[in-house]
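Peer 1: Before I ask anything, here is the structure I am working with.
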Number of protein chains: 2
Amino acid sequence: MEFQIEKKNFLKSLSILQSIADKHSSIIALSNILIESEKNFVRLITTDLETTIISSVPCNIKEDGKICISARKIYEIVRELPEAEISIQGIENHWAKITCKNAIFNLSGIDPNEFPTLPPYSEKDLIEIKDINLREMIEKVIFTASTEESRYNLNGIFLENVSLEDMNVVRMVATDGHRLGLIDRESQELLDIKSGAIIPKRGLNEVKKIIGEYPDELKISIGENNFIVKANSYIIIIRLIDGEFPDYKQVIPKENDKIIKLNNRDFSSCLRRVSTISADRVEGVKFTIKKGAIELYSSNQDLGNAMEEFPAMYDGTEMNIGFNGRYIIDALSAIDEDEFLLELKDETSAAIIRPAEMKNLLYVIMPMRV
Amino acid sequence: MEFQIEKKNFLKSLSILQSIADKHSSIIALSNILIESEKNFVRLITTDLETTIISSVPCNIKEDGKICISARKIYEIVRELPEAEISIQGIENHWAKITCKNAIFNLSGIDPNEFPTLPPYSEKDLIEIKDINLREMIEKVIFTASTEESRYNLNGIFLENVSLEDMNVVRMVATDGHRLGLIDRESQELLDIKSGAIIPKRGLNEVKKIIGEYPDELKISIGENNFIVKANSYIIIIRLIDGEFPDYKQVIPKENDKIIKLNNRDFSSCLRRVSTISADRVEGVKFTIKKGAIELYSSNQDLGNAMEEFPAMYDGTEMNIGFNGRYIIDALSAIDEDEFLLELKDETSAAIIRPAEMKNLLYVIMPMRV
């Protein structure tokens with residue numbers, strides 16, 4: 001194969017794709033990038049077998065073909081090249097010759113047939129989603145997903161269609177067993193998912209990055225096995241997690257009648273202060289809800305203790321409840337509104353945290369003994 | 001003890017001092033900060049036994065005394081406090097009580113007498129150095145010092161006074177055995193060092209940071225055992241390395257008669273490109289100096305090879321020589337001038353790299369077999 005390509009576009013695609021290539025994989029193909037010619041562009045492909053990213057970059061094809069070379073090395077080389085036309089040529093033994101002005105690189109490669117077969121997808125299954133902000137939805141719940149490998153069915157975001165008061169709603173839910181995040185967005189378009197799909201976290205992080213740069217003309221599709229996103233000239237194919245997502249509706253408390261409205265920034269500062277003392281471990285922060293105030297208390301056998309009273313409109317019966325401060329701080333950071341609601345029931349029941357006005361986002365935080 | 005202090009100044013000092021405190025030391029005192037009252041300020045002290053930093057912060061002393069508490073925790077707490085007056089009080093069992101608005105922290109501490117004794121120093125030994133830019137001098141050579149712990153006598157910068165053509169010169173030299181950096185600065189003030197002093201790298205990195213923020217009114221002193229710098233309200237005391245610095249003058253080649261003037265930025269880019277292929281290992285870059293050009297070549301058994309010809313004014317006999325590309329890139333990054341000189345003798349002799357105009361900075365790079 002042989003083609004000529006502008007540095008700028010090529011580098012941009014390589015920088016996005018090389019993040020998926022696994023530098024340490026024992027399967028060489030997974031640390032490589034497959035470059036194949038199409039009519040007036042090259043398709044660049046990397047995969048970690050779970051997430052596959054395909055990027056189409058316009059170029060001048062002189063001879064059709066494929067090459068498969070180290071994703072990191074081609075990225076590092078192109079990064080250092082001058083802003084000029086780069087010429088790439090497949091040579092004998094699957095090597096590639098890269099030339100740009102006075103520089104000549106000969107890079108070893110592997111047989112392109114060793115590169116994994118692409119998951120099947122068809123561009124015509126992709127539907128345009130204009131009305132939901134996919135990136136924001138992912139950001140609001142992804143941090144509540146589990147990172148424990150053994151809980152593989154919680155290592156992603158659960159996506160489903162819900163009918164709420166005759167509206168079509170796209171819902172994302174994630175949980176690590178200690179906390180849960182849920183966001184709803186009204187959508188004209190009904191996604192074709194029967195019982196919902198679990199999309200792995202890692203792939204969604206890539207989707208988030210790419211959508212960040214190309215927010216327009218987003219198309220998605222959910223098949224039997226894959227979640228597919230097309231943004232600009234990128235296609236991301238993520239293999240769905242084959243597992244059961246827990247019945248999250250059971251987890252969301254319905255009888256939390258102690259509702260306290262608080263200022264997000266001030267309360268978050270206060271909680272961060274009190275949490276400094278227990279930050280190294282998960283020792284929990286004790287909340288004492290009393291007339292006119294929430295008292296936060298944290299202690300650590302080796303270090304000492306911290307206490308701060310935060311004024312709050314509350315006139316019910318006094319109660320004590322403990323939380324992992326980090327979970328609440330995370331939830332508050334993801335809430336954009338100035339005010340949020342802390343909804344409690346009793347000392348052993350989960351709390352709900354949600355923006356004061358926006359009703360389509362909520363976090364459930366399990367209590368802990370302190 | 002008891003004092004009231006403004007958050008801003010206190011936090012600034014704590015952030016600088018806590019970098020020296022060793023979080024993982026088995027000696028608790030070394031992860032702690034000693035706070036002792038003076039007339040209208042507190043002195044904050046941390047040490048890793050090699051480098052000691054003392055900072056004086058104005059405050060309102062209500063009761064004299066000392067406390068000794070975790071450097072990192074007090075820093076993390078103060079960072080989260082509101083911009084307001086902070087009150088700190090020594091309480092029973094060496095604990096400290098920190099209050100600020102509604103927040104109360106009780107922090108465990110240790111007996112201040114367990115904190116290491118300060119190295120002796122006297123402010124009157126400090127002399128003002130106006131004419132040399134100490135920070136810049138450190139920056140230009142510190143990266144050439146060795147990081148191998150076993151070569152403790154090369155783990156710092158060698159500082160000495162030299163008489164050059166009837167001028168007093170302050171000289172800094174560092175080497176890791178493969179490369180050497182040397183910088184001279186004319187100085188009115190003759191430092192009182194007989195045979196030179198080796199100042200450890202780690203302490204000088206702290207000096208560099210502090211001078212960066214407070215470049216004025218710099219005073220230094222070199223005693224039998226310590227190098228002392230005073231910058232603004234900070235005093236840094238660094239224990240000298242007790243060892244012999246090699247006779248570096250022997251290492252600086254005097255007969256390098258092949259002198260090539262090159263553009264720093266362009267040559268550096270070219271070398272970085274060719275080096276990408278060998279960046280993971282130290283495989284060396286082969287320089288072929290020939291009529292009108294330097295040809296750079298690098299290869300890596302697993303990856304391939306790279307070659308680029310860089311135009312150069314050279315008309316002598318052709319020669320081949322290998323270098324660790326990283327060492328040359330480092331030296332070129334430290335040279336501010338647009339043009340530099342590459343001075344060579346033969347294939348087995350060290351090269352000199354120096355700015356084309358400024359004669360008081362040079363790097364010696366040992367060749368390697370390629």
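The values are calculated or read from the model by the stated rules, or taken from the named source; none is laboratory data. If you're wondering where the values come from, they're calculated on a predicted model, not measured in any experiment. For neighbour counting, all protein chains shown are included, and Cβ atoms are generated from backbone atoms with ideal geometry for every residue, glycine included.
Peer 1: Name the residue, out of A:PHE323, A:PHE287, A:PHE340, that is surrounded by 21 or more Cβ atoms within 10 Å (Cβ to Cβ), outside the structural domain of A:ASP176 (by TED's automatic domain parsing) and under 14 Å from A:LYS258 (Cβ atoms).
Peer 2: A:PHE287
Conditions (1) hydrophobic (A, V, I, L, M, F, W, C); (2) in contact with a strand residue (DSSP E or B) (Cβ under 7 Å, 6 or more places away or on another chain), marked per residue:
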| residue | (1), (2) |
| --- | --- |
| B:SER150 | no, no |
| B:ILE157 | yes, yes |
| B:GLU165 | no, no |
| B:MET172 | yes, yes |
| B:LEU180 | yes, yes |
| B:SER187 | no, yes |
| B:PRO200 | no, yes |
| B:ASP216 | no, no |
| B:ILE220 | yes, yes |
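Peer 1: Something else: Kindly evaluate A:ASN113 against the criterion of being away from chain B (no Cβ under 14 Å) and in contact (Cβ under 8 Å) with a residue 12 or more places away in the chain.
Peer 2: No: the conditions fail for A:ASN113.
Peer 1: Hey, another quick one. Can you confirm whether A:ILE252 is buried (at least 16 other Cβ atoms within 10 Å of the Cβ) and either of a type in the set (A, V, I, L, M, F, W, C) or in the same structural domain as A:THR47 (by TED's automatic domain parsing) (or both)?
Peer 2: no
Peer 1: Restricting the search to region A:1-13, which residues are within 23 Å of the chain's Cα centre (by Cα) and either among the polar types (S, T, N, Q) or crowded, with 23+ Cβ neighbours inside 10 Å (or both)?
Peer 2: Within region A:1-13, just A:SER13 meets the criteria.
Peer 1: Tell me which residues, restricted to region A:49-63, are among the charged types (D, E, K, R) and in contact with a Gly (Cβ under 7 Å, 6 or more places away or on another chain).
Peer 2: Residue satisfying the conditions is A:GLU50 alone.
Listed here are the residues, each with its yes/no results for (1) free of Cβ contacts under 8 Å to residues at least 40 places away in the same chain; (2) surrounded by 15 or more Cβ atoms within 10 Å (Cβ to Cβ); (3) in a helix (DSSP H, G or I).
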position: A:ILE98; (1), (2), (3): yes, yes, no
position: A:PHE105; (1), (2), (3): yes, yes, no
position: A:TYR121; (1), (2), (3): no, yes, no
position: A:ILE132; (1), (2), (3): no, yes, no
position: A:ARG135; (1), (2), (3): no, yes, yes
position: A:GLU148; (1), (2), (3): yes, no, no
position: A:ILE157; (1), (2), (3): no, yes, no
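Peer 1: Right, another one. Looking at the structure I just gave you, is A:SER221 modelled with pLDDT under 95, part of a strand (DSSP E or B) and not assigned by TED's automatic domain parsing to the domain that holds A:THR52?
Peer 2: It is true that A:SER221 is modelled with pLDDT under 95, part of a strand (DSSP E or B) and not assigned by TED's automatic domain parsing to the domain that holds A:THR52.
Residue-by-condition table, conditions (1) under 22 Å from A:ALA306 (Cβ atoms); (2) hydroxyl-bearing (Ser, Thr, Tyr); (3) under 26 Å from the mean Cα position of the chain (by Cα):
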position	(1), (2), (3)
B:GLN18	yes, no, yes
B:HIS24	no, no, yes
B:ARG43	no, no, yes
B:THR46	no, yes, yes
B:GLU50	no, no, yes
B:LEU81	yes, no, no
B:ASN93	yes, no, no
B:ALA103	yes, no, no
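Peer 1: Pairs needed: first member in region A:214-242, under 13 Å from A:ILE129 (Cα atoms) and touching a residue at least 40 places away in the same chain (Cβ under 8 Å); second member anywhere, assigned to a loop (DSSP other than H, G, I, E, B) and among the β-branched types (Val, Ile, Thr); C-beta distance under 6 Å; at least 6 residues apart or different chains.
Peer 2: Cβ pairs passing all conditions: A:LEU218/A:ILE129; A:ILE220/A:ILE129; A:ILE222/A:ILE193.
Peer 1: Hey, can you tell me all the residues within region A:26-41 that are among the hydrophobic types (A, V, I, L, M, F, W, C), over 22 Å from the mean Cα position of the chain (by Cα) and surrounded by 18 or more Cβ atoms within 10 Å (Cβ to Cβ)?
Peer 2: Selection gives A:ALA29, A:ILE33, A:LEU34, A:ILE35, A:PHE41.
Peer 1: Follow-up question, since we're still on this one. How about region B:284-299: which of its residues are over 20 Å from B:PHE340 (Cα atoms) and either within 14 Å of chain A (Cβ to nearest Cβ) or assigned to a strand (DSSP E or B) (or both)?
Peer 2: B:TYR297, B:SER298, B:SER299 - these are the residues of region B:284-299 that are over 20 Å from B:PHE340 (Cα atoms) and either within 14 Å of chain A (Cβ to nearest Cβ) or assigned to a strand (DSSP E or B) (or both).
Peer 1: Sort out which residues of region B:200-225 are more than 16 Å from the chain's Cα centre (by Cα) and polar (S, T, N, Q), and write them in order of number.
Peer 2: Answer for region B:200-225, where residues must be more than 16 Å from the chain's Cα centre (by Cα) and polar (S, T, N, Q): B:SER221, B:ASN225.
Peer 1: Between A:ILE86, A:ILE127, A:ILE61, which is among the β-branched types (Val, Ile, Thr) and modelled with pLDDT under 95?
Peer 2: Going through A:ILE86, A:ILE127, A:ILE61 in turn, the sole match is A:ILE127.
Peer 1: Still on this structure, please answer the following. Among the residues of region A:194-212, are any in a loop (DSSP other than H, G, I, E, B) and either in contact with a helix residue (DSSP H, G or I) (Cβ under 6 Å, 6 or more places away or on another chain) or closer than 30 Å to A:PRO367 by Cβ (or both)?
Peer 2: Among the residues of region A:194-212, at least one is in a loop (DSSP other than H, G, I, E, B) and either in contact with a helix residue (DSSP H, G or I) (Cβ under 6 Å, 6 or more places away or on another chain) or closer than 30 Å to A:PRO367 by Cβ (or both), which makes the answer yes.
Peer 1: Among the residues of region B:314-327, are any assigned to a strand (DSSP E or B) and either within 14 Å of chain A (Cβ to nearest Cβ) or of a type in the set (Lys, Arg) (or both)?
Peer 2: No - not one qualifying residue is present in region B:314-327.
Peer 1: Got at least one residue in region B:100-112 being of a type in the set (D, E, K, R) and out of contact with any Pro (no Cβ under 8 Å at 6 or more places or on another chain)?
Peer 2: yes
Here's the yes/no breakdown for (1) touching an Asp or Glu at 6+ places or on another chain (Cβ under 8 Å); (2) in a strand (DSSP E or B); (3) under 11 Å from A:ILE88 (Cβ atoms):
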position	(1), (2), (3)
A:ASN9	no, no, no
A:LEU14	no, no, no
A:ASP22	yes, no, no
A:LEU30	yes, no, no
A:LEU34	no, yes, no
A:VAL42	yes, yes, yes
A:LEU49	no, no, no
A:ARG72	no, no, no
A:TYR75	no, no, no
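Peer 1: Within the group A:ASP302, A:ASP346, A:ASP336, which residue is within 13 Å of chain B (Cβ to nearest Cβ), in a loop (DSSP other than H, G, I, E, B) and without any contact (Cβ under 8 Å) to a residue 40 or more places away in the chain?
Peer 2: Within the list A:ASP302, A:ASP346, A:ASP336, the selection yields A:ASP302.
Peer 1: In region A:253-283, which residues are of a type in the set (D, E, K, R) and within 14 Å of another protein chain (Cβ to nearest Cβ)?
Peer 2: The answer is A:ARG265, A:ASP266, A:ARG272, A:ARG273, A:ASP280, A:ARG281, A:GLU283.
Peer 1: While we're looking at this one, here's another question. Output the number of residues of region B:60-98 satisfying the condition of being on the phi < 0 side of the Ramachandran plot, within 12 Å of another protein chain (Cβ to nearest Cβ) and not hydrophobic (A, V, I, L, M, F, W, C).
Peer 2: Of the residues in region B:60-98, 10 are on the phi < 0 side of the Ramachandran plot, within 12 Å of another protein chain (Cβ to nearest Cβ) and not hydrophobic (A, V, I, L, M, F, W, C).
To keep it simple, each residue is scored yes or no on (1) touching a Pro at 6+ places or on another chain (Cβ under 6 Å); (2) among the polar types (S, T, N, Q); (3) under 30 Å from A:THR117 (Cα atoms).
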| residue | (1), (2), (3) |
| --- | --- |
| A:SER221 | no, yes, yes |
| A:ILE228 | no, no, yes |
| A:ILE237 | yes, no, yes |
| A:GLU244 | no, no, yes |
| A:ASN263 | no, yes, no |
| A:ILE277 | no, no, no |
| A:VAL282 | no, no, no |
| A:LYS286 | no, no, no |
| A:ALA293 | yes, no, no |
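Peer 1: Something else: In this structure, does A:LEU126 turn out to be farther than 23 Å from A:ALA231 by Cα and surrounded by 14 or more Cβ atoms within 10 Å (Cβ to Cβ)?
Peer 2: Taking the combined requirement at face value, the residue does not satisfy it.
Peer 1: List the pairs whose first member sits in region B:20-33 and is outside the structural domain of B:VAL207 (by TED's automatic domain parsing), whose second member is aromatic (Phe, Trp, Tyr), and whose Cβ atoms are under 6 Å apart, counting only residues at least 6 apart or on separate chains?
Peer 2: Short answer, once both residue conditions are applied: B:ALA29/B:PHE115.
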